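See below for the structure under consideration.
The values are calculated or read from the model by the stated rules, or taken from the named source; none is laboratory data. Bear in mind the structure is a predicted one, so any value in this text is a computation, not a measurement. All Cβ positions, glycine included, derive from the backbone under ideal geometry; neighbour counts span all protein chains shown. When the accessible area is computed, the model is the full protein with side chains, heavy atoms only, and any ligands, DNA or RNA have been set aside. Shrake-Rupley method; radii C 1.70, N 1.55, O 1.52, S 1.80 Å.
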Amino acid sequence: MSENDLGIKIGLEIHVQLTHLKTKLFCGCSTDFRGKEPNTNLCPICMGLPGSLPVLNEQAVKDAVALSFALNTQVQSKMLFFRKNYYYPDMPKNFQITQYDKAGGVPFSVNGKVKMENSKEIRITRLQLEEDPARLSYEGTIDASTATFVDYNRAGISLIEIVTEPDFGSPKEARIFLDKLRSIVESLGISDGALEGSMRCDANISLKGGIRVEIKNISSFKEAERALNFEISRQKSLIAKEIKVKRETRHWDEVRRITVSLRTKEEEQDYRYFPEPDLVPITLPPELLDKIKLDMPELPENLKDRLVAQYRISIANAKILAENKEYAKYFEQCGKIYHDANEISNWVVGDLIPSLAKRNISLQTAKIPPESFCGLLKLLDTGQINRSTAKTVLDEAIDSGKAPDAIVRQMGATKITDETTILQIVNKIFEEKPTAVQAAIKDPNAINYLVGLTMKATKGQADPKVINQVIRMKLEAG
Ligand code: ZN
Ligand code: MN
């Protein structure tokens, strides 16, 4: 059975943490909790103590507007916050302040669409602002642990929840969308997808128009694709055995790479949503929306198109450069220094980015400014070094921060093509190795030994073709 025959329908629910905000959604506590002492960034508001009053973070609202525009959703001009009531240790108040209410509450924005590479459109159902619950951790696995640890430092951090229609036809397509979403939020400067748990995802999946199964607790986008692939094989084998797929919520166990049943439809909770009485309704004035629209940074899609049009580089290269604003900026800076944009894009995409990835460093921490990088391309362009030397020099420049021409001088790596220079070296070898010369006169195959000696004497920097010519010339001359 191919994936199409399976009639796969996948919908996603993504939580994006607004990691660039300094304070939480409703209080002044720091959002800097990663690697910090647990339960230190707390106050009566995010601990939900009686009498404390939430105050909405204005920047979080502006970020939600910007993301709404980027996903082409319609922003509601008036909106409310709701209490989603549930009793669980990750919520000190026993309710989450959120925006969606199944009884008809108004989310932040609705009815968007995102265009995929194959020009298919993914519909965005809604987007809403809400607070992150606390972080729970266990000793080893969830079922073997004798205790649950709660860190309330995460409780109250701003989240944007994005819900899509079940428009994805495969786990791969869902993954592509998730990566696209990551590059959008990064280009808006509202979240850093590289931070652990900053973008989390739940998914629902059905086969052949059957029952919808939800998968919860997926910690990263790579895991999302894995979880969905597992769920497809699980449901496929149930269908093959004519066992009914149950409507249920399943948990993705990252360690065992399987989904396990969490709860069935019958146990589904009623959250008893009601309007949050401690927060006033929000009204977004049209002037504010206009200003945010005007100040929108260039989104990856537009950036990609512009790079192709302006620099005539390949779409494939432009796409990779546009996914990360830092790469695109670097490429454009190099474009001002060096004439060949295509060559720049090939080296940035094909060599620089992989070299950085290998070292697990970013462009900012790498010690290779655009001037150095372009200096390398100039050395290559003028034939002073060959491509393989250039790669070595690039690595050295990234690690040491030295200028490529300085590195080349130090390595003595300048490519020798000059016949006179090579002749001088060959002359010396002929004097030192008369027997090898005699052997080469008798047997043309023995010439390789002399070529090898010359290569060695030039530390591999001389052109073997020229060496060959020079040696043959000398042998013929006697
Ligand atoms: Zn607080
Ligand atoms: Mn949520």
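See the values below:
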| read-out | value |
| --- | --- |
| Strands (runs of 3 or more DSSP E) contained in the stretch 1-119 and holding at least 1 residues within 16 Å of ligand 1 (Cβ to nearest atom) and not acidic (Asp, Glu) | 9-17, 95-98 |
| Selection status of Val55, in the same structural domain as Gln99 (by TED's automatic domain parsing), away from ligand 2 (no atom under 16 Å from the Cβ) and open to solvent by 60 Å² or more (accessible area, probe 1.4 Å) | yes |
| Residue check, Ile190 in the same structural domain as Glu231 (by TED's automatic domain parsing), in contact (Cβ under 8 Å) with a residue 24 or more places away in the chain and open to solvent by 10 Å² or more (accessible area, probe 1.4 Å) | no |
| Pick from the stretch 4-31, criterion exposed (fewer than 14 other Cβ atoms within 10 Å of the Cβ) and charged (D, E, K, R), ranking: farthest from ligand 2 (Cβ to nearest atom) | Asp5 |
| Among residues of the stretch 141-170, those that are in a strand (DSSP E or B), charged (D, E, K, R) and in contact with a Lys or Arg (Cβ under 7 Å, 6 or more places away or on another chain), counted | 1 |
| Output for the stretch 121-161, where each listed residue is within 16 Å of ligand 1 (Cβ to nearest atom) and over 14 Å from Ile14 (Cα atoms) | Pro133, Ala134, Arg135, Val150, Asp151, Tyr152, Asn153, Arg154, Ala155, Gly156, Ile157 |
| Checking Ala155 against (1) within 18 Å of Arg182 (Cα to Cα); (2) buried (at least 21 other Cβ atoms within 10 Å of the Cβ), the condition it does not meet | (1) |
| Entirely in the stretch 429-478, the helices (runs of 4 or more DSSP H) that have 2 or more residues that are touching an Asp or Glu at 6+ places or on another chain (Cβ under 7 Å) | 464-477 |
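Here is a yes/no grid of residues against (1) loosely packed, with under 14 Cβ neighbours inside 10 Å; (2) assigned by TED's automatic domain parsing to the domain that holds Arg359; (3) more than 25 Å from Gly350 (Cβ to Cβ):
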site: Ser400; (1), (2), (3): yes, yes, no
site: Ala403; (1), (2), (3): no, yes, no
site: Phe430; (1), (2), (3): no, no, yes
site: Ala440; (1), (2), (3): no, no, yes
site: Ile447; (1), (2), (3): no, no, yes
